[in-house]
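Participant: One structure, as structure tokens, below. Some questions next.
The values are calculated or read from the model by the stated rules, or taken from the named source; none is laboratory data. None of the values given here were measured: they were computed from a predicted structure. Accessible surface is based on the protein model in full, side chains and every heavy atom, while ligands, DNA and RNA are left aside. Shrake-Rupley method; radii C 1.70, N 1.55, O 1.52, S 1.80 Å.
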Amino acid sequence: MNPSHPRVDAIVAEAQAAIEATESSTDLEALRVRYLGRQGALTQLLRALGALPAEERPLVGAAANAAKRVLEETLDTRLA
């Protein structure tokens with residue numbers, strides 16, 4: 001079972017809906033940048049881990065990393 005966290009789940013749900021609605025590979029690449037790029041939603045969440053309470057960091061970090069893998073797979077599948 002993948003780790004879960006409400007903030008991460010919200011980002012994943014939004015990203016997956018956007019990916020499914022996208023028609024072109026150019027738009028898919030834009031979504032990859034929007035969610036997984038240097039300024040992407042998941043990347044920003046991972047960078048903010050230090051500001052979270054110590055007991056929450058491992059949970060959010062694990063959920064974000066699992067979400068990143070899921071989104072990468074979803075994007076790669078749509079591109080194929």
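Participant: Restricting the stretch 37-80 to residues that are under 11 Å from the mean Cα position of the chain (by Cα) and of a type in the set (Gly, Ala, Ser), which is most open to solvent (accessible area, probe 1.4 Å)?
Facilitator: This residue is ALA41.
Participant: How many of the residues making up the stretch 18-36 are in a helix (DSSP H, G or I), open to solvent by 30 Å² or more (accessible area, probe 1.4 Å) and over 15 Å from ALA67 (Cα atoms)?
Facilitator: Going through the stretch 18-36, the residues in a helix (DSSP H, G or I) turn out to be 18-21, 25-36.
After this cut, where a residue has to be open to solvent by 30 Å² or more (accessible area, probe 1.4 Å) as well, the list is 20-21, 25-27, 29-30, 32-34.
Those still in the list that are over 15 Å from ALA67 (Cα atoms) too: 20-21, 25-27, 29-30.
Number of matching residues: 7.
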